[in-house]
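Peer 1: This is the structure I want to talk about, given as structure tokens.
The values are calculated or read from the model by the stated rules, or taken from the named source; none is laboratory data. For clarity, every value in this text was computed on a predicted model and none was experimentally measured. Ideal geometry is used to build each Cβ from the backbone, glycine not excepted, and the neighbour counts take in all protein chains shown. Ligands, DNA and RNA are excluded from the accessible area calculation, which covers all protein heavy atoms including side chains. Shrake-Rupley method; radii C 1.70, N 1.55, O 1.52, S 1.80 Å.
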Amino acid sequence: RWPIPARMRMFDWLKRYHECGNPCQTCARQCPVQSIHPTGEINPNECINCLHCQVLYQSETTCPVVIKKLKRREAVAAGSMPKLGQPPAGHPNAGPQD
């Protein structure tokens, strides 16, 4: 007898964030076969390996976790990055402020 592929641990490679399922339900709502439970876990017996959840996982316009990370990076880059060739404010070599 051949084992049913879904029963094997083939689904460990599908990436998930800790926030998947709580509070985010984006992938669960958009899964074409509803194989993602409200907790964010993928049911391997229901999953058809369409990888739509993985597209959403990386989406800069759909995934709330990715969007939050991008906004955080933009805020850090805009607010605290020193100009090239100048030490950051408060550094002993910064000198007087303009």
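Peer 1: Looking at region 56-64, is at least one residue out of contact with any helix residue (DSSP H, G or I) (no Cβ under 8 Å at 6 or more places or on another chain), modelled with pLDDT of 90 or more and either open to solvent by less than 60 Å² (accessible area, probe 1.4 Å) or not β-branched (Val, Ile, Thr) (or both)?
Peer 2: Looking through region 56-64, none of the residues is out of contact with any helix residue (DSSP H, G or I) (no Cβ under 8 Å at 6 or more places or on another chain), modelled with pLDDT of 90 or more and either open to solvent by less than 60 Å² (accessible area, probe 1.4 Å) or not β-branched (Val, Ile, Thr) (or both).
Peer 1: Select from region 25-72 the residues that are of a type outside the set (A, V, I, L, M, F, W, C) and in contact with a Cys (Cβ under 7 Å, 6 or more places away or on another chain) and list them in ascending order.
Peer 2: Thr26, Pro32, Ser35, Gly40, His52, Tyr57, Pro64 - these are the residues of region 25-72 that are of a type outside the set (A, V, I, L, M, F, W, C) and in contact with a Cys (Cβ under 7 Å, 6 or more places away or on another chain).
Peer 1: Taking the residues in region 17-54 that are within 18 Å of Lys68 (Cβ to Cβ) and open to solvent by 90 Å² or more (accessible area, probe 1.4 Å) as candidates, determine which candidate is nearest to the chain's Cα centre (by Cα).
Peer 2: His18
Peer 1: OK, next. Could you run through region 50-66 and say how many residues are in a loop (DSSP other than H, G, I, E, B) and within 12 Å of Gln34 (Cα to Cα)?
Peer 2: 1
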